[in-house]
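Trainee: Structure below; questions to follow.
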Amino acid sequence: MKKEMKQILWVVALLVILMTATGHLVSAAGFDWSDGTSRNACKKMYSVSFRSGRGVSSAVYEKLGKKQKFGSMITIPKVPQVPAGYQAEGWSLKKGGTEARYKPGKKYFVRRNVTFYAVIKKKNNLKLILHRNDGGIYKIIRVPSGKLKLPVMANEENSTFLGWSTRAGQKTSPRYEAGQVITVSGTMHLYAVRFWRYQEPNLVRNSFHYPENYERIIFVGDSRTYGLQKVLYEQFGEEYVDSHVSFVCCSNTELDWLKLTGAQALLKEIEKYRKNEKYAKIAVVFNHGVNDLRDIKGKQDLNDKLSQYGSYMKKLGTELSMKNCSLYYMSVNPINGGERGSTRNRKCENIRAFNSGLASKLGSQYHYIDVYSYLMRTGYGTVSNTGDGTDDGVHYTPGTYKRIFAFCLAYIRKTENYFDIEEIHRTDFGD
C-alpha cells in the first residue's frame with residue numbers, strides 16, 4: 001500500500017512540474033492562460049482601459065484606466081457620468097455591446113491588454129397614473145416590469161367602486177377590474193368607475209314576473225340569500241313572497257353546511273310539494289361560495305375549493321333531478337372593492353376565477369346565472385344585513401337585492417324560451 005502511495009505522489013509531483021512549466025497550474029487555479037501566454041508574461045504590465053459604449057474616451061474614463069501585472073486582480077468600477085434619464089448596466093468587452101457581463105464591484109483577472117465599454121440604457125419610465133372618477137390624481141405607480149395587478153380604491157359615500165376605465169366620469173361597465181393584471185407601456189391613465197347608488201332603480205312588486213311552468217322556486221345559499229329573503233319580506237310581505245318562493249339559507253356558511261345541513265333542509269322543502277308520489281316541477285337556485293373564498297392561499301387552494309364544489313354539486317344535482325327539479329347556479333356576486341370590513345380577506349380575482357371554474361365544472365347539469373357580470377355592467381350597492389347602515393362590502397342594498405331577484409326570475413323564464421336573454425337587460429330592471 002505504501003509503495004502504491006509513493007507512486008501516486010510521484011505522478012502528482014510530475015504533473016505539477018509540467019503544469020508549472022506551461023502555465024496550466026495557474027489555469028487550474030482559476031486563471032485562464034489558454035491564449036498561449038507563458039509564465040514569462042507575469043513580468044509584463046498590461047493596460048486596462050475604460051471607454052463609453054461607442055468607444056469614446058474622456059477624462060472621467062481615463063481616470064479609471066490603469067497598468068496591471070499579468071494575473072493581478074482588479075475591481076470593476078462604476079460607470080461614470082450617467083446621463084439623466086439613463087441607468088448604467090455595467091461593462092462589456094465589445095464596443096457598442098448591449099449585454100453588461102461585467103458588473104461594478106465584481107473582480108477581473110488581468111491577462112492581456114483590455115478595454116471595457118460602458119453599457120448604458122434608457123431608464124424604464126413606465127408608470128400608471130390612477131385618477132379619481134372626476135379626473136383628479138389619486139395615485140401614481142411606477143411599473144418597471146411592465147405588468148401590474150390593479151388595486152382597489154376606497155369607496156366614497158353613497159357610491160360603489162367598480163373598477164377602472166380609460167375615461168373619466170364613467171359610472172358602470174369598467175374596462176378593468178380590481179385584481180386584474182394589465183400590461184403598461186409608456187404612461188397609462190386610468191379612472192375610477194363609480195356607481196352612484198341613488199341612481200339605482202327601485203323595483204316594485206309588479207316588476208317581478210314569475211315563471212309559469214314551475215310550482216316553486218327555491219333559493220339556497222348563505223347570508224346573501226338570507227339578505228334577499230329579508231328584503232323581499234320587508235318590502236312585499238311574507239305571505240306574498242312565500243306564495244311563490246322558498247328560501248333555504250344560513251349566514252356565515254361554507255360548503256360543509258350545504259353538505260351536512262342545507263341539502264337535507266332543501267330535500268325536506270321539496271317534499272312539501274310532492275303530490276300522490278309525484279314531485280312538483282321546482283326550480284332550485286344555488287348561490288353559495290363567497291365564504292369559501294375567504295383567506296384563499298394561492299392557486300392550488302382555490303383549485304381545491306373548486307374541485308370540492310364541483311364534485312358535490314354534481315352529486316347533489318343528480319339526486320335533485322330525480323325529484324323533478326331544474327337546477328340553477330347563481331354566480332358568486334361581486335364584493336365592494338374598497339377593502340372595507342369583511343372584504344379584506346377576499347380577493348376580487350378569486351371570485352372571478354371561482355365563477356369561471358365552477359361554471360365549467362357544472363357543465364350542462366346546471367343553468368349558470370351570471371349575475372356577477374350583470375351587476376358589474378349596471379352597478380350595485382352594498383350594505384350590511386344588520387340594518388345599521390354599515391357598508392360591509394359583501395351584502396347588498398335593498399335595491400340591488402331586488403334587481404338580483406328580478407334577474408334570476410327572468411333568466412329562469414328565459415330557459416323556458418319565453419324570450420331572448422338580452423331582453424332581460426333591456427326591459428326588466430330599468431338599466
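Trainee: Could you tell me which of the residues GLY71, GLY97, GLY55, GLY85 is of a type outside the set (Ser, Thr, Tyr), within 47 Å of the chain's Cα centre (by Cα), surrounded by 14 or more Cβ atoms within 10 Å (Cβ to Cβ) and not assigned by TED's automatic domain parsing to the domain that holds PRO144?
Mentor: Answer to the selection: GLY97.
Trainee: Might you check whether a residue that is modelled with pLDDT of 90 or more and under 22 Å from the mean Cα position of the chain (by Cα) occurs anywhere in region 388-400? Give the steps one after another, and end with the answer.
Mentor: Initial filter on region 388-400 (modelled with pLDDT of 90 or more): 394-400.
Adding the requirement that they be under 22 Å from the mean Cα position of the chain (by Cα) leaves 394.
Checking region 388-400: at least one residue is modelled with pLDDT of 90 or more and under 22 Å from the mean Cα position of the chain (by Cα).
Trainee: Are any of the residues in region 271-279 farther than 28 Å from ASN206 by Cα, free of Cβ contacts under 8 Å to residues at least 12 places away in the same chain and of a type in the set (Asp, Glu)?
Mentor: Scanning region 271-279, I find at least one residue that is farther than 28 Å from ASN206 by Cα, free of Cβ contacts under 8 Å to residues at least 12 places away in the same chain and of a type in the set (Asp, Glu), so the answer is yes.
Trainee: Does region 364-384 contain any residue that is of a type in the set (A, V, I, L, M, F, W, C), modelled with pLDDT of 95 or more, touching an Asp or Glu at 6+ places or on another chain (Cβ under 7 Å) and farther than 15 Å from ASN336 by Cβ?
Mentor: no
Trainee: Show me the strands (runs of 3 or more DSSP E) found entirely inside region 77-171 where at least 3 residues are touching a residue at least 24 places away in the same chain (Cβ under 8 Å), in contact with a strand residue (DSSP E or B) (Cβ under 7 Å, 6 or more places away or on another chain) and more than 30 Å from VAL193 (Cβ to Cβ).
Mentor: The strands (runs of 3 or more DSSP E) meeting that bar are 86-92, 107-109, 114-122.
Trainee: Go through (1) part of a strand (DSSP E or B); (2) within 30 Å of the chain's Cα centre (by Cα) and name the single condition ILE217 misses.
Mentor: (2)
Okay, residues lined up against (1) acidic (Asp, Glu); (2) closer than 14 Å to TYR366 by Cβ; (3) out of contact with any strand residue (DSSP E or B) (no Cβ under 6 Å at 6 or more places or on another chain):
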| site | (1), (2), (3) |
| --- | --- |
| TYR273 | no, no, no |
| LYS315 | no, yes, yes |
| LYS323 | no, no, no |
| MET330 | no, yes, no |
| ILE335 | no, no, yes |
| CYS348 | no, no, yes |
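Trainee: A follow-up question, please. Identify, please: which residue in region 117-138 is within 20 Å of the chain's Cα centre (by Cα) and surrounded by fewer than 18 Cβ atoms within 10 Å (Cβ to Cβ) and is, among those, nearest to VAL184 (Cα to Cα)?
Mentor: My answer is LYS127.
The values are calculated or read from the model by the stated rules, or taken from the named source; none is laboratory data. Predicted model only: the values in this text are computed from it and were never measured. Every residue, glycine as well, gets a Cβ built from its backbone with ideal geometry; the counts of neighbours run over all protein chains shown.
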